[in-house]
Amino acid sequence: MVRIIRALSSEKIGAHIVVMGWVRTKRDSKAGFSFIEINDGSSLKGLQIIADAELPNYKDDIHKLVTGCAIKVTGSLAASPGKGQTVELKADKIEVLGWADPDSYPLQKKRHSFEFLRSIAHLRPRTNTFGAVARLRSSVSHAIHSFFQERDFIYIHTPIITGSDCEGAGETFRVTTLDLENVPKNGNQIDFSQDFFGCPANLTVSGQLEAEIYALSMGDVYTFGPTFRAEDSNTSRHLAEFWMVEPEMAFCDLDADVSLSIDFLKYLFAYVLNNCTEDMQFFNRFIDSSLLKTLEALITRDFEFITYTEGVELLLKAGEKFEFPVQWGVNLHSEHERYLCEKVFKRPVVVVNYPRDIKPFYMKLNEDGKTVRAMDVLVPGVGEIIGGSQREDDYDTLFERMKKTGINVDDYWWYLELRKFGSVPHAGFGLGFERLIQFLTGLDNIRDVIPFPRTPGNVSF
RNA sequence: UCCCCAGUAGCUCAGUCGGCAGAGCAAGUGGCUGUUAACCACUAGGUCCGCGGUUCAAGUCCGUGCUGGGGAGCCA
């Protein structure tokens with residue numbers, strides 16, 4: 001069997017091949033043959049099959065083919081006299097592998113709304129858009145590994161289930177085997193000693209703390225895996241289950257962290273333009289017509305680079321009426337980030353050195369004692385795509401901050417101990433994989449860039 | 001979780017001032033054509049999201065619930 005992408009590109013005219021796929025559309029000609037376009041997911045473009053009425057099962061099978069049927073075609077590749085394709089397959093034999101009743105098959109030869117397609121997530125990868133998204137996710141995943149492997153980073157598999165309520169930030173999903181109908185109690189408290197792990201356990205909200213362990217042994221490492229947040233977020237850029245890329249580098253400060261994140265993004269932009277050309281052109285044509293232009297410009301152009309304090313000054317000078325007033329010390333709101341990114345600079349912006357009190361305990365305190373070495377990369381349309389920082393590597397400073405922010409230092413004894421034995425400056429960042437795919441495709445809703453979105457009230461499929 | 005909007009044929013939607021339920025596409029039938037989301041004609045297709053209320057009369061007005069969308073917060 002030959003994948004259609006190969007039949008279209010590398011197979012020679014006259015080659016005798018077998019292809020299998022799903023019928024996208026069929027056009028009958030009473031002159032004595034049918035055009036059948038099939039797609040097997042290997043490429044956006046399908047293969048046109050020429051089915052002659054002389055074929056033995058033409059009346060019984062081929063004539064009845066409709067969108068969604070699965071077929072196996074044996075034939076020879078020929079130059080196509082028609083417009084729209086260079087080659088086509090002249091069928092010697094067509095077998096129907098699976099029928100699709102046109103009265104109940106929900107996909108049609110027309111545009112469907114993304115909302116409707118979400119309700120049929122088991123069939124939506126058969127559409128152009130979701131096929132393209134799936135291929136792009138696969139290619140970008142590959143590129144992520146290539147980028148880090150080429151730079152001698154070690155891929156670390158951090159745990160999905162964790163015993164500590166990581167960072168104390170973000171609601172977590174509890175993992176338990178306790179009988180919820182009859183929870184064992186110690187007085188009023190749940191008796192977790194009877195639970196599977198003998199203590200409370202959660203799904204990870206970040207692999208960072210464990211990645212730091214390996215960075216402080218192996219230098220440059222990265223993780224790439226699923227992450228879980230039980231927040232009741234109902235927006236076009238939040239998922240309860242999403243994928244995150246988290247590099248962590250020893251002997252690294254914030255400046256090096258920032259420049260790696262920019263190199264990383266530019267590498268990925270260039271990769272998809274060079275390797276996912278057909279799918280990217282599709283997104284450019286049907287989703288966002290400025291996509292290719294924007295990505296091409298970003299590869300050569302510098303990102304904007306400002307401090308939080310400069311950002312606040314720009315916003316105060318802007319004379320814009322914001323719903324949330326701007327003031328040094330409060331977090332930048334969505335409208336502020338968008339203003340800086342989309343109005344002031346019109347390109348990705350890196351913001352560094354945020355106030356200490358609005359950032360997590362593990363970020364490295366600056367000499368001013370008021371700000372931390374944090375960085376966010378903001379992109380037009382999506383907002384925050386990367387968040388990172390240099391980590392606090394001084395034992396006493398970290399201990400004090402944990403105490404102050406109410407983190408249980410006993411639970412994080414191992415994290416503190418890393419600052420006791422051979423502590424070195426280190427830094428890292430987290431990239432939201434789906435937000436990157438949103439930026440690369442121009443798709444508005446994050447639920448349309450992951451195969452099976454998990455959001456509050458939705459775990460179907 | 002909060003604010004706003006929407007829910008009508010398989011899909012995308014229209015439905016005026018409260019007065020007979022509509023179109024395009026898809027499907028079925030027939031015609032035509034090396035066709036390109038093919039084209040032309042005809043046919044069939046409805047719990048107007050659920051529940052309650054106002055009214056002679058509700059798709060339309062009111063209340064409520066559910067689902068979806070946009071925005072906000074939280075964040076990647």
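The values are calculated or read from the model by the stated rules, or taken from the named source; none is laboratory data. The structure presented is a predicted model; accordingly, all values stated were derived computationally and were not measured. Positions of Cβ are backbone-derived with ideal geometry, glycine not excepted, and every protein chain shown enters the neighbour counts.
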**Request:** Taking the options A:THR67, A:THR74, name whichever one is under 23 Å from A:GLY131 (Cβ atoms) and either of a type in the set (Ser, Thr, Tyr) or crowded, with 20+ Cβ neighbours inside 10 Å (or both).
**Result:** A:THR67
**Fill in**
Over segment A:188-198, the set of residues in a loop (DSSP other than H, G, I, E, B), surrounded by fewer than 15 Cβ atoms within 10 Å (Cβ to Cβ) and either at pLDDT 90 or above or within 16 Å of RNA strand B (Cβ to nearest atom) (or both) is A:ASP191, A:PHE196, A:PHE197, A:GLY198
**Fill in**
Within segment A:409-448, restricting to residues that are assigned to a loop (DSSP other than H, G, I, E, B), farther than 14 Å from A:TYR362 by Cβ and of a type outside the set (Asp, Glu), the one that is nearest to RNA strand B (Cβ to nearest atom) is A:ASN445
**Message:** So, in segment A:216-226, how many residues would count as being touching a Phe, Trp or Tyr at 6+ places or on another chain (Cβ under 6 Å) and either among the polar types (S, T, N, Q) or within 9 Å of RNA strand B (Cβ to nearest atom) (or both)?
**Reply:** 0
**Output for segment A:363-383, where each listed residue is in contact with a helix residue (DSSP H, G or I) (Cβ under 7 Å, 6 or more places away or on another chain) and on the phi < 0 side of the Ramachandran plot** = A:LEU365, A:LYS370, A:THR371, A:VAL372, A:ARG373, A:MET375, A:VAL377, A:LEU378, A:VAL379, A:PRO380, A:VAL382
**Request:** State whether one or more residues within segment A:37-51 are among the charged types (D, E, K, R), touching a residue at least 40 places away in the same chain (Cβ under 8 Å) and not in a loop (DSSP other than H, G, I, E, B).
**Result:** no
**Request:** Return yes or no: is A:PHE399 over 30 Å from A:ARG285 (Cβ atoms) and in a helix (DSSP H, G or I)?
**Result:** yes
**Item:** Among (1) more than 8 Å from RNA strand B (Cβ to nearest atom); (2) closer than 26 Å to A:LEU440 by Cβ; (3) among the small types (Gly, Ala, Ser); (4) touching a Ser or Thr at 6+ places or on another chain (Cβ under 7 Å), the one test that A:ALA240 misses
**Value:** (1)
**Asked** Which ones in segment A:384-397 are within 32 Å of the chain's Cα centre (by Cα) and either more than 13 Å from A:LEU431 (Cβ to Cβ) or of a type in the set (Val, Ile, Thr) (or both)?
**Response** A:ILE385, A:ILE386, A:SER389, A:GLN390, A:ARG391, A:GLU392, A:ASP393
**Complete:** Flagged in segment A:451-461 as surrounded by fewer than 21 Cβ atoms within 10 Å (Cβ to Cβ), within 19 Å of the chain's Cα centre (by Cα) and within 13 Å of RNA strand B (Cβ to nearest atom), in numbering order, are A:ARG454, A:THR455, A:PRO456, A:ASN458, A:VAL459, A:PHE461
